Amino acid sequence: MHTIDELFQPGKEIIDAWAKAFHVLADIFINREEQIYQTNEERIGGWRGLRHYIVAKKIPRSETITSFQ
């Protein structure tokens with residue numbers, strides 16, 4: 001919002017409207033992300049949060065890519 005105000009100086013009413021729209025859009029994305037987490041958590045083998053793994057093998061695929069098993 002600061003950058004929009006600094007570059008365009010649209011006035012407080014416009015900045016407030018942009019801020020409100022931004023928060024509505026952010027809430028939509030946050031709620032959708034939560035739905036995705038819940039769906040994945042409820043699947044067989046699903047989980048939420050961190051999970052410990054043991055790397056048994058590293059397979060170089062190229063100079064910059066490695067597969068882990």
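Observations on the model:
- Members of the range 37-69 that are surrounded by fewer than 10 Cβ atoms within 10 Å (Cβ to Cβ), of a type in the set (G, A, S) and assigned to a loop (DSSP other than H, G, I, E, B): G45, G49, A56, S62
- For the range 1-36, a tally of residues being touching a Phe, Trp or Tyr at 6+ places or on another chain (Cβ under 7 Å) and in a helix (DSSP H, G or I) returns 1.
- Filter result for E13 (free of Cβ contacts under 8 Å to residues at least 24 places away in the same chain and more than 20 Å from the chain's Cα centre (by Cα)): yes
We did not get these values from a lab; they are worked out from the coordinates using the rules stated. Please read these numbers as outputs of a predicted model, since none were measured by experiment. Cβ atoms come from the backbone with ideal geometry, glycine included; neighbour counts cover every protein chain shown.
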